[in-house]
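The values are calculated or read from the model by the stated rules, or taken from the named source; none is laboratory data. Model, not experiment: these values are computed from the prediction. Glycine gets a Cβ as well: all are built from the backbone with ideal geometry, and neighbour counts include every protein chain shown. Ligands, DNA and RNA are excluded from the accessible area calculation, which covers all protein heavy atoms including side chains. Shrake-Rupley method; radii C 1.70, N 1.55, O 1.52, S 1.80 Å.
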Amino acid sequence: DIQMTQSPSSMSVSLGDTVTITCRASQDVGIYVNWFQQKPGKSPRRMIYRATNLADGVPSRFSGSRSGSDYSLTISSLESEDVADYHCLQYDEYPRTFGGGTKLELK
Amino acid sequence: EVQLQQSGAELGKPGTSVKLSCKVSGYNIRNTYMHWVNQRPGKGLEWIGRIDPANGNTIYAEKFKSKATLTADTSSNTAYMQLSQLKSDDTAIYFCAIGGFAYWGQGTLVTVSS
């Protein structure tokens with residue numbers, strides 16, 4: 001199975017920060033990475049698909065990038081509504097696999 | 001508007017089975033894969049498997065091959081997941097998702113307890 005190693009597992013952030021979360025794939029998954037935001041008690045929300053594409057309705061301060069087997073989600077000028085858990089997913093191969101998640105917390 | 005409405009919370013005894021449903025509106029499930037994902041308390045997301053409702057073909061994560069059974073009824077645009085031989089470790093929220101994970105149900109909490 002493809003491992004998605006996500007880091008950091010948690011991050012203490014301030015409003016206005018630029019935040020970057022990374023997933024490293026254990027083998028090539030091409031562009032087939034999604035990023036999700038999840039707030040407490042809610043379902044995940046797709047933020048980025050195909051590594052770099054912004055999902056419908058997602059603010060432009062969110063962006064996705066790829067460098068080799070490293071995939072990153074960046075949030076520019078963090079707003080209070082962005083404080084949440086974030087998950088990556090590879091969907092190049094079965095079984096689909098998620099990263100371990102990143103929890104953003106306000107300082 | 002696409003909506004996935006999942007069935008209500010379940011309380012199951014160890015060794016029994018539960019069957020969860022996911023009814024879709026605004027999207028024909030024949031045109032998508034239906035994925036199921038779980039989330040144990042305080043943990044991350046875990047992919048269980050997916051079904052192609054158009055032909056019933058399924059793929060499961062190895063650890064769920066004996067645990068989960070995915071089915072779909074295209075006439076009612078509803079997908080189902082049966083969880084068998086429940087153990088305390090199966091206590092989790094179970095989500096359905098379609099459209100390349102663009103659309104998710106609200107989740108069903110399954111609690112396994114005697």
For the stretch A:34-106, what's the relative contact order in percent, using C-alpha pairs closer than 8 Å and at least 6 residues apart?
27
Residue with peak Gaussian network fluctuation, chain B [Cα springs, cutoff 10 Å], from B:G15, B:G56, B:G99:
B:G15
Report, as an integer, the average count of C-beta atoms from other chains found within 10 Å of each Cβ along A:82-88.
1
With the 8 Å Cα cutoff and a minimum separation of six or more residues, chain B has a relative contact order in percent of 37
With a 1.4 Å probe, how much accessible area is buried between chains B and A, both sides summed, in Å² to the nearest hundred?
1300
Determine the shielding of peptide B:46-52 by partner chains: average, over its residues, the number of Cβ atoms on other chains within 10 angstrom of each Cβ.
3
Taking only the alpha-carbon positions of the stretch A:65-106 as identical scatterers, the Debye log10 I(q)/I(0) at q = 0.19, 0.25, 0.33 Å⁻¹ comes out as -0.71, -1.00, -1.21
Assign unit charges at the C-beta atoms only (+1 for Lys and Arg, -1 for Asp and Glu), then state the dipole size of the protein assembly as shown relative to its Cα centre in Debye, rounded to the nearest 20.
380
Nothing charged except the Cβ atoms of Lys and Arg (+1) and of Asp and Glu (-1): what's the magnitude of the dipole of the stretch B:8-114 about its Cα centre? Round to the nearest 20 debye.
100
Over chain A, what lengths in whole Å, largest first, do the semi-axes of the equivalent ellipsoid take, defined as the square roots of 5 times the eigenvalues of the alpha-carbon gyration tensor?
22, 14, 13
Give me the distance between the Cα centres of the stretch B:33-48 and the stretch A:41-107, rounded to whole Å.
16
With +1 on the Cβ of every Lys and Arg and -1 on the Cβ of every Asp and Glu, and nothing else charged, how large is the dipole of chain A about its Cα centre, in debye rounded to the nearest 20?
140
Take chain A, connect every pair of alpha-carbon atoms lying under 10 Å apart with a spring to form a Gaussian network, then pick out the residue of A:G16, A:G64, A:G41 with the largest mean-square fluctuation.
A:G41
Measuring from label point to label point, each 7 Å out along Cα→Cβ, what is the B:S113 to A:T18 span in nm?
4.8
With chain B treated as a Gaussian network of Cα nodes joined by springs under 10 Å, which of B:W104, B:W36, B:W47 yields the largest mean-square fluctuation?
B:W47
